[in-house]
Amino acid sequence: MKNQSILTAIDQDRVVTLLQKMIQTKTVNPPGDEKPLAELLAQEMSSFGLQVQTIDLAENRANVIGILKGSGAKPALLFNGHLDTVPPGDVPWTYGPFSGELIDGKVYGRGSADMKGGLAAMIMAAKAIKKAAIPLQGDLIIAGTAGEETDSIGAFDFLNKGGLAGVGAIVIGEPSSCGINIAEKGAFWLEITTYGKTAHGAFPEHGVNAISAMHLFLRELFNYQFQYEPSELLGEPTINISTIHGGVKTNVVPDKCAVTIDMRTVPSMSHQEIMRDLEEIIAKLKKENSSFAATIQVLNNRPSVETPPDHPFIKLAEQVIGEEFKRIEKPKGVNFYTDAAVFLPATQLPAIFYGPGDADMAHQPDEYVQVDSLLEATQFYAAIIEQYLT
């Protein structure tokens, strides 16, 4: 760092203890229950002089926003992290999923990697900047948002209330093994339902079998070809038949069958065009068989987003890693989505996804983040604040 007082101002022990408190504050989504964690972080950020507010979203759900004010001579820098986690699952954990135990240099617990670790490191980086009395030319905004694991209720609220006004760049603290990610696949989740007519299983000719109708649709889907341009960072789009439900009893002709489909898309693809193609498949099947009936419902619609690798903010992130950690880090892409899918289409802002911990730890039993990774992320966040905002 140009100003070494920032590095010495990082409270390494506090980074760990804050993360432990965050893990111990249960925010499993559903239902979310992020408000107690938002209040905990509000108290933490207020304690070292940030301007803080919590924004209620629903019962026991909230965002928390902390701002370290700059002079206004430069655009603001947004640090974003989500407050919620997925459930711990049914597989037993070696250490309690909400224990926050520190064992052999690892902090264990649900959300340690995804992504309370990143958010704790961001807050402690801001504290180090404040403690070192570094004058900023632009605001540093830390937004802890609710609901990323389901519907991004917090990110949409932050966007719709003008939270990105005046922001010049975004850092999202998702786990990346302290590498730079600049692209993410889109998520297009659909539920396809086919309809039939119930009848006694002994007289199937008196009914219309909805599962047979679904077979016709899936046969077409398996032959469907995505239209896209290859993505160097994200590879190929994918499609997964995730669930199937149909029928009520062995001796009854099923009158309804539903499947859910998870498609992961790349930047050149249009979800609207995919929907149109699937509707055309349904129309074709209807034309071939008058008893065929089906509907499509969109469950999740997150576009693929990408920041050009030659963007100055991406180059700055590479530079910071080179200066701070003496290594070359080239940008990569990820197959999962983040709140960037909410922020970037509306603003076209540059964004990086950088955080402590391994993305493979996300949603796993015995999730953990290494303390060394946590401290490295804190140093990176402090350095990029210094480089971008001074």
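Numerical summary
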| item | result |
| --- | --- |
| Tally of residues being in contact (Cβ under 8 Å) with a residue 40 or more places away in the chain, surrounded by fewer than 24 Cβ atoms within 10 Å (Cβ to Cβ) and closer than 19 Å to S268 by Cα across the stretch 345-377 | 5 |
| The stretch 194-212, residues that are among the β-branched types (V, I, T), within 30 Å of T150 (Cα to Cα) and surrounded by fewer than 21 Cβ atoms within 10 Å (Cβ to Cβ) | I211 |
| The stretch 114-160 - residue that is under 19 Å from N60 (Cβ atoms) and of a type in the set (V, I, T) and, of those, surrounded by the most Cβ atoms within 10 Å (Cβ to Cβ) | T145 |
| Failed item in (1) modelled with pLDDT of 95 or more; (2) outside any strand (DSSP E or B); (3) open to solvent by 50 Å² or more (accessible area, probe 1.4 Å), with D56 passing the rest | (2) |
| Of residues in the stretch 213-231 being open to solvent by 40 Å² or more (accessible area, probe 1.4 Å) and touching a residue at least 40 places away in the same chain (Cβ under 8 Å), the one farthest from E273 (Cα to Cα) | L216 |
| Subset tally (residues that are over 18 Å from R110 (Cβ atoms) and open to solvent by 40 Å² or more (accessible area, probe 1.4 Å)) for the stretch 27-48 | 4 |
| Residues being open to solvent by 20 Å² or more (accessible area, probe 1.4 Å) and touching a residue at least 40 places away in the same chain (Cβ under 8 Å) - total across the stretch 11-24 | 6 |
| Test: residue in the stretch 117-140 that is part of a loop (DSSP other than H, G, I, E, B), modelled with pLDDT of 95 or more and within 23 Å of K26 (Cα to Cα) | no |
| Number of the condition not met by G163 [criteria: (1) closer than 20 Å to P303 by Cβ; (2) open to solvent by 40 Å² or more (accessible area, probe 1.4 Å); (3) at pLDDT 95 or above; (4) not aliphatic (A, V, I, L, M)] | (2) |
| Contacts under 8 angstrom Cβ, first residue in the stretch 277-297 being over 20 Å from T198 (Cβ atoms), partner in a helix (DSSP H, G or I) and among the charged types (D, E, K, R), 6 or more apart | I281/E220; K284/E220; L285/E220; I296/E279 |
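The values are calculated or read from the model by the stated rules, or taken from the named source; none is laboratory data. Just so it is clear, the structure is predicted and the values come from calculations on it, not from any experiment. Reconstructed Cβ throughout: ideal geometry from the backbone, glycine too, with neighbour counts over all protein chains shown. Side chains are part of the model used for accessible areas, which takes the heavy atoms of the whole protein and leaves out ligands, DNA and RNA. Shrake-Rupley method; radii C 1.70, N 1.55, O 1.52, S 1.80 Å.
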